[in-house]
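Engineer: Can you read through this structure? Questions will come right after.
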Amino acid sequence: MSRNLLLALACGLAVVAAAQPTWRFHLAFEDGAGARDTIWMVYDTAATTGTFPYPGPNVDTLLGEGPVVVNDGQFHVFLTNALGDTTRTNAYPYFIYPSFDGTIIDAINWTPPMTIRWDTSLFHAPYLPYAEGSFGLAFLDGGYFFFHSNTGNETGYSMLITDSAFVNEDLDYLFPIPVYFDADNTIGVGEHQSAETALRLWPNPAQRVVHVQAPGSESGGSACFGPDGCASSMWSTCPPMVHWMFPRSIRASTHPCPYPTKSRFPWHIRKDPLALQLPA
């Protein structure tokens, strides 16, 4: 074997050894009838985002983001890809790490109760690019997990401290389930903040509408609260300005409120208590 061939082989092996392995995180669902299905969240160096490369939409079929059939009468959990097709996988490039947003899980033809399982060791996989950060947040969110938090502060259901969730009550609020990961570097209403990062909230106490302003662009969004105080949010842009509207039927109390923060990518919604003095 020639010297040049040996050098080429050695270089090829070095490239393979240095390649970033694909990170595949699963959420395994099992319903009360024993039917099973799985959602996958993936980091890969070859992955795209919905709009990158521009203009999109981009679907990483080789990583599992292609369409799947869910209207066959069987139990399925599913996502929606950039083309609007149902799928089981959401893939991001590694430059997004440790952020991972945009995973909203829905289900069809399921029998309660529901068990959800995952592998917590994957949050500490040795091949993750720790120079870019590490997972400090990993939550199941949504109507059910907002009120059935396992952290004691109503921020959703942390996947960092346990490897499963069993749901046998309030089943009408289980789906859809937003899932997000991030480094723990968001800002909280009650935390010490510099002038550059402080959130402005006014008025507080409030009668019906609360205004929130955070540093960033000039785009905005809004969130409405139902009679039970549960927030149902719709965001059209990356919002530094948020307006919360409360129906007068809510009791005067402290309610968990979502507000936008930005770590690196993308914008996230975090929930902290905000004292609201509402009319009787």
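The values are calculated or read from the model by the stated rules, or taken from the named source; none is laboratory data. Keep in mind it's a predicted model, so treat the numbers as computed, not measured. Cβ atoms come from the backbone with ideal geometry, glycine included; neighbour counts cover every protein chain shown. Side chains included, ligands, DNA and RNA excluded: accessible areas come from the protein's heavy atoms. Shrake-Rupley method; radii C 1.70, N 1.55, O 1.52, S 1.80 Å.
Engineer: Consider only pairs whose beta carbons are under 7 Å apart and that are at least six residues apart or on different chains; among these, list those whose first residue lies in the stretch 53-76 and is touching a residue at least 40 places away in the same chain (Cβ under 8 Å) and whose second residue is part of a loop (DSSP other than H, G, I, E, B) and open to solvent by 40 Å² or more (accessible area, probe 1.4 Å).
Structural biologist: PHE75/ASN109; PHE75/TRP110
Engineer: How about the stretch 88-111: which of its residues are more than 15 Å from PHE175 (Cα to Cα) and of a type in the set (Asp, Glu)?
Structural biologist: Across the stretch 88-111, the qualifying residue is only ASP101.
Engineer: Further, regarding this structure: When you go through LEU79, LEU13, LEU27, LEU62 one by one, which is the residue that is at pLDDT 95 or above, outside any loop (DSSP other than H, G, I, E, B) and over 22 Å from ASP106 (Cα atoms)?
Structural biologist: On the way: LEU79 fails: over 22 Å from ASP106 (Cα atoms); LEU13 fails: at pLDDT 95 or above; LEU27 fails: over 22 Å from ASP106 (Cα atoms).
None of the other options fit; the residue is LEU62.
Engineer: Mind checking which pairs have a first residue in the stretch 100-113 that is part of a strand (DSSP E or B) and a second that is open to solvent by 60 Å² or more (accessible area, probe 1.4 Å), Cβ under 8 Å, 6 or more apart or different chains?
Structural biologist: ILE104/THR80; ILE104/PRO176; ILE105/PRO176; ASP106/PRO176; ILE108/ASN71
Engineer: Looking at MET1, MET41 in this structure, which one is of a type in the set (A, V, I, L, M) and modelled with pLDDT under 95? Lay out the reasoning, then the answer.
Structural biologist: Numbers: MET41 fails: modelled with pLDDT under 95.
Criteria check complete, one pass: MET1.
Engineer: Among the numbered criteria (1) open to solvent by less than 60 Å² (accessible area, probe 1.4 Å); (2) farther than 22 Å from ARG24 by Cβ; (3) among the polar types (S, T, N, Q); (4) at pLDDT 95 or above, which one does GLN74 miss?
Structural biologist: (1)
Engineer: Another question, if that's okay. When you look at THR51, is it over 17 Å from the mean Cα position of the chain (by Cα) and either within 21 Å of PRO21 (Cα to Cα) or modelled with pLDDT of 95 or more (or both), yes or no?
Structural biologist: Working: over 17 Å from the mean Cα position of the chain (by Cα): yes; either within 21 Å of PRO21 (Cα to Cα) or modelled with pLDDT of 95 or more (or both): no.
No: the conditions fail for THR51.
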